[in-house]
Structure formats: structure tokens, C-alpha cells
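Please read the structure below before turning to the comments.
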Amino acid sequence: MKLNYPIKSIFSACIAYAAIGIGYTTAVQAQTAKVIKVKTNQSIAKVQPNMWGVFFEDINFGADGGIYAELIKNRSFEFTKPLMGWTIQRKKQQEGEILVVNRKEVNTANPRYLQIKKQTDDFELINEGFKGIGVKKGLRYDFSLMYRQSAPGVKMVLMLKDANNKVIGQGTLTPNQTGSDWKKQSASFTATETDPKAKFSIMFQGRGNIDLDMISLFPGDTWKNRPQGLRADMVQLLADMKPGFIRFPGGCIVEGTDLANRYQWKKTIGPIEDRQLIINRWNTEFANRAAPDYFQSFGLGFFEYFQLAEDIGSDALPILNCGMACQFNSAEVASLDELDPYVQDALDLIEFANGDVTTKWGKVRADLGHPKPFNLKMMGVGNENWGPQYLERLAIFTKAIKAKYPDFKLINSSGTDPEGDRFNLLNTTLRSNNADFIDEHYYRSADWFLKNAGRYDNYPRNGSKVFVGEYAVHADNSIVGSNRNNWQSALASASLMTGLERNADVVQMASYAPLFANIDAWQWAPDMIWVDNLKSYGTPDYYVQKQFSTNKGTDVVAITLDEKNIIGQDGLYASAVTDQAKKELIIKIANNSNQSQQIDFDLEGKMKLKSKATNEEIANSNLTQVNSFENPEAVSPKKSTINLKGKKLNIALKPYSFNVIKIPFNQ
């Protein structure tokens with residue numbers, strides 16, 4: 001995730017988009033069909049099973065307030081302002097009745113708690129949630145808290161309330177254990193109405209003294225019904241993509257604004273009350289989108305990331321700090337002679353993921369409920385770091401990790417940009433060092449994407465492979481928020497992706513970025529999936545990514561127009577693969593022109609093709625069209641059947657369309 005990047009302006013009008021640069025045309029296309037040849041029997045590259053993945057970063061309230069289903073904001077009172085998100089409603093002020101107590105010397109991970117000495121009138125403790133609390137009629141809600149008390153006496157009435165203070169769900173909890181140790185207790189109740197912007201209230205009744213911490217509320221419909229788990233609708237959108245990998249936890253939060261704010265995976269595992277909350281580095285990054293209530297509770301921690309990847313059949317791809325904070329912020333670095341703890345964190349993570357239960361960190365994993373190894377194959381060392389200071393730290397990491405795990409793959413950063421002096425230094429040096437993967441990032445205009453569809457055609461076929469770890473088309477700066485995920489941008493992405501697929505022997509992995517954004521709390525756009533407190537939808541970019549990831553095939557085959565790769569001739573971009581397991585020839589072709597184009601596919605080779613093919617077409621004449629909560633599939637695939645005539649297939653490509661044509665075959 002690059003900061004302060006001067007996004008190149010592109011034309012916002014549809015007519016201008018049609019006219020710009022390579023790949024666009026306003027001339028009327030000749031109606032004579034273009035002949036595109038596909039050599040069906042000749043594999044020119046293998047497609048990696050994990051080629052198309054997803055990139056998760058806790059930006060745009062993607063974790064807390066997003067996929068992590070906790071509904072209570074600041075549940076442990078550890079925000080900079082201890083009662084942020086909470087209000088106290090009572091008839092009369094009673095000094096000392098409610099206090100925030102700090103026990104830092106006793107519990108550094110979770111020092112604060114709420115002390116209540118209730119001797120007077122009933123009062124309410126109200127939580128606003130993350131831009132409100134999404135409540136669904138008929139759904140169970142699970143409340144829990146930690147407490148300690150010397151004697152019973154306080155009763156809690158648990159209420160969900162709508163904007164008019166109408167109670168739309170209610171339960172009770174009476175803490176019944178005593179003693180000096182902290183106890184945990186829970187209660188459940190059912191909502192009677194639906195409301196996207198509700199609030200949660202605890203009414204305290206009775207008399208007594210009680211300490212409270214980790215006040216929590218989760219919906220009952222979490223992913224796989226796991227207690228204190230993830231939002232099922234958001235995970236399902238990911239599962240439907242069948243991504244080959246999940247890159248996590250970022251992104252710039254890996255680096256932190258300074259090293260104290262960096263992501264430390266060991267602090268994100270174990271009991272949630274022992275996970276040390278930190279300020280999210282996107283909290284104040286953008287003055288125009290300030291989010292002073294954005295923190296990381298780490299309820300979604302490294303164990304949950306590995307578990308999520310396993311759930312949806314993806315490889316885990318963690319990125320670790322390399323001893324460098326964000327170079328756009330503090331540019332702080334750990335000195336080389338103090339790098340050992342950072343390197344040890346990387347070695348320990350591999351043991352945590354893969355080690356036998358008799359090893360130190362393998363036992364930790366087993367104690368968390370997963371004795372079976374996660375089979376981690378790769379990790380990233382640093383995120384978007386650059387310069388000689390990165391190279392010298394990377395060398396230390398590489399030597400240590402390869403010495404212990406020689407077959408383990410490492411992702412190396414090429415910085416923030418896909419060209420320029422910084423990129424050239426890193427790319428040249430990393431290739432000379434035989435890096436496993438070089439991570440390229442680009443946030444650019446639609447025009448740049450189209451002009452770079454052939455970027456990897458002349459890359460070295462041997463040696464270091466490319467991981468396109470972050471990319472997205474950025475529309476004109478006059479377009480903001482979810483409107484940036486328009487069809488114009490998605491179509492340009494699809495066009496570039498045909499070039500990535502055609503060069504699958506060079507580009508072995510790729511992931512769009514970022515993944516999630518809360519419609520009421522975003523910092524960065526565009527994003528693949530937008531959510532509110534109750535709903536989520538995939539953007540046109542989501543459907544493009546899904547079309548590639550669910551139709552990746554196993555072998556790249558040649559597809560040409562006039563014996564040349566199809567990288568913009570009359571606005572066309574194309575790639576082709578075969579899937580030897582499913583017995584399909586899969587052609588992906590984008591038409592960036594404003595005219596329909598007749599295409600004759602000449603399918604050369606001995607492959608025995610069946611007579612009927614399917615075409616999954618995404619098309620829209622309005623390049624600014626977006627999906628929305630009201631119309632989530634405005635831009636999405638539509639399936640139709642096409643008849644073949646022997647080894648010939650004729651199709652009319654609509655203006656501004658992306659087509660995935662699947663032709664079954666008998667070997």
C-alpha cells in the first residue's frame with residue numbers, strides 16, 4: 001500500500017476513455033471478422049495452482065468493524081481515550097461510581113478495566129458499535145464479559161436499541177461467581193427487529209461492586225458458527241473466489257508508522273484478553289478520512305488468518321516486518337546488530353505453522369486447537385521497503401531462513417513503484433541474488449494498465465519469479481469512494497491480467513488490493529468488496545478477479561492475432577489456457593473498444609473439442625457503472641451457450657466487454 005502516491009489523471013468521461021492511448025478506438029470497426037488463432041495442444045507455460053489470490057490488510061475497517069464480527073467497539077477500554085465508543089446514561093452524577101482503572105504493572109497486554117461501585121439509581125452503559133451495530137431480526141446474539149466481584153449484587157439487563165431507543169433485543173446476565181480472580185460469563189438473546197444502526201446497552205440494577213473487562217457481543221451466524229468468529233457473508237465472498245492464497249496482514253500495517261507500531265504476530269495469538277491492542281496506523285494517515293477510533297484488537301490474529309486460509313482452500317502468505325518502519329512515515333530502522341529478534345520471529349512463525357507438536361511453537365499451535373501443521377510454504381520479508389538498507393536486512397533474513405528451511409520460498413520487495421531508480425536497484429540486485437519472488441506493486445490509471453499488458457512478455461523466463469502483490473486501477477481523482485470501482489477500471493484490470501496469465505511462467509502469483517472497505521469508514525479506494533453493518537457486495541473488480549481465479553486452468557496456450565500476442569490491437573486483449581483436470585479450453589478476451597467486434601477463433605491442434613461452449617460475459621456500455629448494495633450485480637457475468645463448427649468458433653464481442661469462453665474437450 002503506497003502512501004502519498006500521485007495518481008495519474010485519466011479521462012472520466014466514457015468518450016474520453018474510448019479514445020485514449022493503446023487499446024481504445026472511436027473508429028467504427030470493420031465488420032469483417034478478425035481471425036484469432038489458438039494452438040490448443042501446445043503448452044507454453046504451467047499455471048501455478050495458487051496463481052490468483054487475495055490480499056488482506058486491516059485498512060478501511062476491514063478487520064475490526066469488518067470481517068471480525070465483534071460488535072462492541074473498545075471492548076477492553078484500551079483506546080487512547082478509554083471510554084471512546086461508550087457513553088454513560090444516568091439520572092444523577094455519582095462521583096466515583098464508575099472508574100477506568102489501569103493495572104499496567106500487572107497486565108501490560110490488557111491493563112485497563114471498568115470498576116463499578118453501584119449503590120444508587122440504575123444507569124446504562126451504552127456502546128455505539130462500529131458506525132452503529134447491524135442487527136438482524138430473529139438472529140441470536142451472544143454476549144460475554146470478564147468480571148470479578150467480592151459478593152453478588154449487580155444484575156445486568158442487556159439491550160439492543162434502535163435509533164429511537166426502542167428495545168429490539170433483550171437478555172439478562174447476573175454475575176454469580178466471587179473471588180479475586182477474573183471470571184468469564186455469557187448470555188444470549190434474540191433480536192426482534194432488523195436495524196443497521198442500532199446500539200448496545202447494559203443497564204445495571206441492584207447494589208454492589210464489580211470490575212468489568214472484555215465486554216463483547218457477537219452475532220450468532222459467524223463463519224462456521226465459530227464463537228467470536230468472522231462475518232460469514234464476507235468470508236463467503238472470498239470462498240466463492242477460490243483464491244489460491246491469502247496474503248496477510250498487510251500492507252503498511254506490517255511496517256507501522258514506527259517500529260513500536262509494527263505488527264508483531266506473537267502478540268496476536270492465544271486468549272483474546274491477552275492480545276495487546278495497538279492503534280491502527282491508518283488511524284490518522286489521511287487528514288480527509290481521519291479515523292481516531294481505528295485500533296487493532298487482534299481478535300483476528302495470525303492463528304485465525306491461517307485457519308481462514310485453510311477453510312477456503314488457500315495457501316497462507318504472511319508478510320513480516322524486516323526491521324524497517326514505513327519509509328513514508330518515520331523511516332525508522334532497527335540496527336543490524338539488533339535484528340536478531342525480527343529474524344527469530346520469522347523462524348518461529350515457520351515452526352508455529354509447520355512444526356511438530358513436540359517443538360516449542362508447534363505445541364503452541366496444537367494448544368490452540370490445531371495439532372495438524374498448516375503447511376506454510378512461503379512468506380514475505382518486508383512490505384514495499386526499498387533502498388540499500390532493505391537489501392542488507394533482507395540478506396540477513398534470507399541467510400537465516402534458508403539455512404534452516406532451504407526449500408522455503410521468500411517474497412522480496414521491489415518497493416512502491418513498478419519503474420524508476422528504486423525499482424531498478426532492487427529488481428537488478430534481487431535477480432542477481434536469485435530471489436525466489438520479487439513483489440511488484442502498481443496503482444495506476446486505466447491507460448497504464450492497458451499499455452503494460454505486454455510488460456512481462458520479455459522478462460527472463462528463468463530465475464526469479466514475479467509476485468504482483470498489490471495492483472488496482474485508480475480512476476480520476478474526481479471519482480471518490482465506492483464509485484472508483486467502476487466498470488472502466490475493472491475492464492482495464494482484466495486486460496492487464498490476460499498479460500499476467502499469458503506469462504504464468506514469469507508471474508506466478510497475483511492479488512488485487514485492497515480487499516475490503518466499510519462504506520461508512522473507509523480510508524482508501526478503490527477496494528474489491530464493500531460492506532456495511534449488515535450487507536456486502538462484490539464490485540466489478542471482484543467479478544473480474546473471480547473469473548480469473550475460478551478459471552485459472554493448468555497450462556497456458558498460445559493465442560494470437562496476425563501471429564502476435566493480443567495486447568491492444570483494436571482494443572483487444574486475450575489469453576488462453578487449458579484445464580487438464582476439467583478438460584476445458586478457456587479463452588479470456590477483453591474488448592476495450594466502443595464497437596462490437598466479430599471474432600473467428602481458429603482452434604488449431606489435435607484436441608477433440610465438443611460442439612458446445614459457454615461464454616461468461618461481463619459487459620456494460622456505461623464505463624462509470626458500479627455495483628452497489630441496491631444493485632450488487634449490475635456488472636457481473638452472464639452465461640450463454642455458443643455452438644462450434646468443427647474447430648471454428650464465431651462470437652460477437654460487445655463493446656466494453658470481458659468474456660470467458662469455456663470449450664469442453666476429450667483428450
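Points worth noting:
- Karplus-derived HN-Hα couplings along region 443-458 (A = 6.51, B = -1.76, C = 1.60, θ = phi - 60°), whole Hz, x at Gly and Pro: 10, 9, 6, 4, 4, 4, 4, 5, 6, 10, 5, x, 3, 9, 4, 10
- Applying the Karplus relation 6.51 cos²θ - 1.76 cosθ + 1.60 with θ = phi - 60° to region 307-318 yields 3J(HN,Hα) values of 4, 4, 4, 5, 4, 9, x, 10, 6, 7, 10, x Hz, where x marks Gly and Pro.
- For residue 610, the amide hydrogen comes within under 5 Å of the amide hydrogens of 665, 666, counting only partners 5 or more places away or on other chains and with H modelled in the peptide plane.
- Helix 540-549 vs. the chain, principal-axis angle (Cα, 0 to 90°, nearest 10): 70 degrees
- With K and R counted +1 and D and E -1, the other residues having a Cβ less than 13 Å from that of residue 544 yield a net charge of -2.
- Residue 172 long-range amide H proximity, modeled H, under 5 Å: 158
- Positive-end extreme of charge dipole, the chain - chosen from 494, 82, 636 (charges on Cβ): 636
- Selection among 456, 657, 72 by position relative to the dipole of the chain gives 657 as farthest towards the positive end (Cβ unit charges, Cα centre).
- Computed from the Cβ-Cβ distance with R0 of 25 Å, the FRET efficiency linking residue 121 to residue 187 stands at 0.60.
- Spin-label zone in region 457-476 - amide nitrogen under 16 Å from a point set 7 Å from the Cα of residue 422 along the C-beta vector: 469-471
- Inter-label distance, nm, simple model (7 Å from Cα along the C-beta direction), residue 535/residue 614: 2.7 nm
- The Stokes-Einstein estimate for the chain, based on a Kirkwood radius over Cα pairs and taken at 20 °C with 1.002 mPa s viscosity, is a diffusion coefficient of 80 µm²/s.
- Here the residues 413, 201, ranked from fewest to most Cβ neighbours within 10 Å of their Cβ, fall in the order 201, 413.
- Principal-axis tilt of helix 487-502 within the chain, Cα atoms, nearest 10 degrees: 70 degrees
- Magnitude of the charge dipole, region 95-194, Cβ model with Lys/Arg +1 and Asp/Glu -1, debye to 20: 340 debye
- By the count of neighbouring beta-carbon atoms within 10 Å, fewest first, 275, 262 end up ordered 275, 262.
- Coupling constants for region 280-288 follow from the phi torsions by the Karplus curve (6.51 cos²θ - 1.76 cosθ + 1.60, θ = phi - 60°), and in residue order they are 6, 5, 8, 3, 10, 5, 10, 4, 7 Hz; glycine and proline get x.
- Placing +1 on the Cβ of every Lys and Arg and -1 on the Cβ of every Asp and Glu, with nothing else charged, gives the chain a dipole about its Cα centre of roughly 1560 debye.
- Under 5 Å, built H, 5+ apart or other chain: amide partners of residue 315: 245, 246
- By the beta-carbon count within 10 Å of each Cβ, the least crowded to most crowded order of 431, 247, 281, fewest first, is 431, 281, 247.
- Trypsin sites (Lys or Arg not before Pro) restricted to region 434-485 and DSSP loop, no more than 15 other C-beta within 10 Å: 461
Rule-based calculations on the coordinates, nothing more; no lab input. Model, not experiment: these values are computed from the prediction. In this analysis, Cβ positions are derived from the backbone assuming ideal geometry, glycine residues included, and neighbour counts consider all displayed protein chains.
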